[in-house]
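Asks: Below you'll find the structure I mean.
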Amino acid sequence: MISKNSIFLIALALTVLQAGCASSQSSPAASDKTAAIETPQVAEAPVPDDFNGDGMTLKIDGSSIESFDASMATIKRYTDEKTYASLNSAIGYLMVYDLQVRSNKEKLIAKLDGKTGYEVKTMVDMKRLAPEKGTGGKIPAVPGTIDT
């Protein structure tokens, strides 16, 4: 059974949500101005002279958040969508599961500084494939394969 406090909190949340939606409606001219403000342009990092065209070979610059964002924008420009999504997923994995990072973006970009996209993906793949405790050092079998 739902308590009175829970019902009150749900009603309060719905009221706040409705008030927020009602105040966000504005004229088309105003929304054009805010759209330009809400989508910041991230400058891309320069590519090296010996660049081969594969964005995943570019090094991530972790000297600051701005330079990290710029290097990621450059990597995205020269990488296909699926590969970039897997790199982004790997970075998200590190943000959540790396105990040295502990959801701190500054620590994350310092850890990724100087690494290529391929190195980041390999690092995360190795963490994901690490044997679980109690398996005797063996990586658990993938369903549908034979474990010898």
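The values are calculated or read from the model by the stated rules, or taken from the named source; none is laboratory data. As the structure is a prediction and not an experimental result, all values here were calculated from the model. Reconstructed Cβ throughout: ideal geometry from the backbone, glycine too, with neighbour counts over all protein chains shown.
Asks: Look at LYS76 and say whether it is within 23 Å of PRO46 (Cα to Cα), at pLDDT 90 or above and within 15 Å of the chain's Cα centre (by Cα).
Replies: Working: within 23 Å of PRO46 (Cα to Cα): yes; at pLDDT 90 or above: yes; within 15 Å of the chain's Cα centre (by Cα): yes.
In short, yes.
Asks: Take the residues in the range 37-59 that are loosely packed, with under 10 Cβ neighbours inside 10 Å and assigned to a helix (DSSP H, G or I), then tell me which one is modelled with the lowest pLDDT.
Replies: ILE37
Asks: Another question, if that's okay. For the condition touching a Lys or Arg at 6+ places or on another chain (Cβ under 7 Å), of a type in the set (A, V, I, L, M, F, W, C) and modelled with pLDDT of 95 or more, what is the one hit in LEU87, LEU108? Reasoning before the result, please.
Replies: Working: LEU108 fails: touching a Lys or Arg at 6+ places or on another chain (Cβ under 7 Å).
None of the other options fit; the residue is LEU87.
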